[in-house]
1. Report D for the stretch 121-245 in µm² per second (integer): Stokes-Einstein, Kirkwood Rh on Cα pairs, 4 °C, 1.567 mPa s.
2. Along the stretch 82-99, what does the Karplus equation 6.51 cos²θ - 1.76 cosθ + 1.60 (θ = phi - 60°) give for ³J(HN,Hα), rounded to whole Hz, x for Gly and Pro?
3. What number does the stretch 173-236 give for Rg over Rh if you use C-alpha atoms and the Kirkwood radius?
4. Using the Kirkwood radius over C-alpha pairs as Rh, can you work out the diffusion coefficient of the stretch 71-136 via Stokes-Einstein at 4 °C, viscosity 1.567 mPa s, in µm² per second?
5. So which lysines pass the test for Lys108, namely a Cα distance under 23 Å, with those fewer than 8 places away in the same chain ruled out?
6. Build a GNM of the chain with springs between Cα atoms under 10 Å: which of Gly83, Gly68, Gly225 gets the top mean-square fluctuation?
7. If you build the convex hull over the alpha carbons only and average its shadow over all orientations, what do you get for the chain? Give it in nm² to one decimal.
8. Would you please give the residues with an amide H less than 5 Å from that of Gly12, counting only those at least 5 places away or on a separate chain, with H modeled from the backbone geometry?
Amino acid sequence: MTNSKRRPFVAGNWKMNGSNELVDSFSLKLASNPAVDVVICPPAVYLSKFSHAEFDIGAQNASEFASGAHTGEISLGMISEAGCKYVILGHSERREGHAESNEIVARKVKAAIAAGLTPIICVGEPLEVRESGNVFAFVKAQLDAVANECGADYIKNSVIAYEPIWAIGTGKTASPEQAQEVHAFIRKELAALDTQAAASVRLLYGGSVNAANAKELFAKPDIDGGLIGGASLKIEDFTTICQAAS
Ligand SMILES: O=C[C@H](O)COP(=O)(O)O
């Protein structure tokens, strides 16, 4: 819908990987990139170790509840105190592996924004949905749930990541054209709620992005950066991906 690109954004989702050694290595060696918003999302136990890093940090998940009897959960206030500006919400590994419905994700988005954090909201379809030709309806339902819970205001306070599940960790990246098609659809859907916010919101692509394919993906008009899994664990690859976004 617009060809003027937004400020690039690249987030590394370490998932359940990493170590004190990797934290130290990134803290020391990952250079800040003035042209790109760079975020590292490590496992929660490592968040506060990054507090003096030159890049931003984000959590991979958080509870929708503020406090109380929720064993094993971490609140948005806690991750904020640990120095996070961002929180990934609705990753497909949470939706599929931990039964997070569209409605739960939507409530988390609302709570994150209320806590002053920027949610990185993940959407994206499984392979069978793509093969049956229902990608847009599937992604629309995920976005609609957030809009129903939060109203249109969430758009200007969020980053949205399109991650086709069949491309995550498989080495089978969506083609730049496939990714752009869904990104354009997402931006159009958001524009129906708030044209200005939709033109400004950063839309990331995630799913087997690597140092070799990032540039072509990020060159597409509605792709503003990436949510990077495996390649975010290798500092040289991640640096190259950040450079590809700038
Ligand atoms: O959050 C990141 C995505 O799930 C992508 O992971 P990947 O780059 O390992 O495919």
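Every number here is computed from the coordinates shown, using simple stated rules; none is lab data. It should be emphasised that the depicted structure is a prediction, and the values quoted were computed from it without experimental measurement. Note that each Cβ is placed from the backbone with ideal geometry, even for glycine, and that neighbours are counted across all protein chains shown.
1. On the way: Rh = 14.7 Å.
In µm²/s, the coefficient rounds to 88.
2. 6, x, 6, 9, 10, 8, 6, 10, x, 4, 4, 6, 7, 4, 7, x, 10, 6
3. Details: Rg = 12.6 Å, Rh = 12.3 Å.
Rg/Rh: 1.03.
4. Values: Rh = 13.1 Å.
Approximately 99 µm²/s, per Stokes-Einstein.
5. Lys15, Lys85, Lys140, Lys156
6. Highest fluctuation of the listed residues: Gly68.
7. Working: hull surface 48.1 nm².
Computed as one quarter of the Cα hull surface, the answer is 12.0 nm².
8. Here Val39, Ile40, Cys41, Ile228 satisfy the definition.
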